[in-house]
Amino acid sequence: MFQAPHGYDRTPLPQTTPAPEPKSPTGTDASAVADTPRPAKRDAFFDNAKYLAIVLVAVAHAWEPVMDGSRATKALYLVVYGFHMPTFIIVSGYFSRSFTARPHQVRRLLTGIAVPYVVFEVGYSLFKRAADSSSGTPHPISLLDPWYLTWFLAALFIWRLTAPIWRALRHPLPVALVIAALASLAPDIGDDLNLQRVMQFLPYFVLGLSLRPEHFQLVRRPEVRKLAVPLFAGALVLAYAVAPRMRTGWLYHSTSAQQQGGPWWSGPVMTLVLFGCSVVLSAGFLAWVPRRRMWFTVLGAGTICGYLLHGFLVKGAVFAGLFDTYPWLSDPAGEVVVSLVAAVAVTLLCTPPVRRLFHFAVEPEMAWAFRRDVVAAGRAAPVGGEAAAPIASGRAGVVPSRTSR
């Protein structure tokens, strides 16, 4: 017996004998087949976007030691830095829409983000100690002060935990923009967990949480792809014009306006201006991403390896004095060589053999650390809407089965 909508008792219907479940052609119960969890189908569009973006990340990092004195290279650097990390963060938010802190989701958060952060933060610290002998003082090992690339994992962990809060707000994006603007004029924010970046990049994550599949369909339209051509042409012209005066620190979002040498009010202004520019450039970039499977689509599942490992190559070259030993690398031809080497290197780091080799560090199962019911729930749950990050494990980059509200 159950309560009718208006509170009246309703007489239960007579029980009927359930019909036997139909058999599948192989003799298996159809219900058993239907109840078997199936992995969500990966969307080639997002895997392609992840791979192309990680190539731009590696190339831009490789430009840093050679772009001094080259106005054109700095202009390219400004444009690329204007959208590659915002694109990653927006897609991260999009794939975090189903996160409600259920036990199996927390497990994936810990194994897919927290553990790689600890492993690579320690690894990079030890690497800097061994390779950078010119500093004179050993680099401290601190899990509260991310060095180089690991800040993104720390930030993603925090953003992901707060996802339910942002989904509960009526107007989350304006609130996130206010937080970012306030952070940009607060020089007293410490370096712990790189909170400046966490707060200043927050609006991109919240924007991703607010997006729906149809928004990504819009950027795939042919007319948007055509508009992206004059968009990037204009961005390059503007970047070339401001390159001699533009501080790249604005694009890193890791310092306040005062630390950039500007008045306090320039922080909120630059926050809003850069947010608008980055969102438009991200849309233009996504408009150019192929929708069909390409030769590099499979590499989109291994971008966490490319992201976390390419830093050893870039910083290793810097610590070894490679760019000082071969000054021709700062010439136009040398910059082309540097770009190609960086693109090829990060591509190799995204391949399945490298993923398997570093699986213990970037995608550990760690079933021993969790209760059996949590592990079982994680294996049974559809992985489509619960990807840790666009650069993270093979669980990332798939189309969510449904949009959480």
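The values are calculated or read from the model by the stated rules, or taken from the named source; none is laboratory data. Please read these numbers as outputs of a predicted model, since none were measured by experiment. Cβ atoms come from the backbone with ideal geometry, glycine included; neighbour counts cover every protein chain shown.
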Within region 124-135, considering residues that are surrounded by fewer than 18 Cβ atoms within 10 Å (Cβ to Cβ) and in a helix (DSSP H, G or I), the one modelled with the lowest pLDDT
Ser135
For region 81-113, which positions are buried (at least 21 other Cβ atoms within 10 Å of the Cβ) and among the aliphatic types (A, V, I, L, M)?
Met85, Ile89, Ile90, Val91, Leu109, Ile113
Tally the residues that are surrounded by fewer than 20 Cβ atoms within 10 Å (Cβ to Cβ) and not acidic (Asp, Glu), restricting the search to region 190-202.
3
May I ask you to say which residue of Ala257, Ala283, Ala228 is hydrophobic (A, V, I, L, M, F, W, C) and in contact with a Ser or Thr (Cβ under 8 Å, 6 or more places away or on another chain)?
Ala257
Residue in region 114-121 that is without any contact (Cβ under 8 Å) to a residue 40 or more places away in the chain and either crowded, with 17+ Cβ neighbours inside 10 Å or under 28 Å from Ala62 (Cα atoms) (or both) present
yes
Conditions (1) buried (at least 18 other Cβ atoms within 10 Å of the Cβ); (2) closer than 28 Å to Asn48 by Cα; (3) small (Gly, Ala, Ser); number of the one not met by Ser256
(2)
For region 152-204, the count of residues that are part of a loop (DSSP other than H, G, I, E, B) and of a type in the set (Lys, Arg) equals 1
If I ask for residues that are surrounded by 20 or more Cβ atoms within 10 Å (Cβ to Cβ) and of a type outside the set (Phe, Trp, Tyr), which ones from region 136-156 would you list?
Pro146, Leu149, Thr150, Leu153, Ala154, Ala155, Leu156
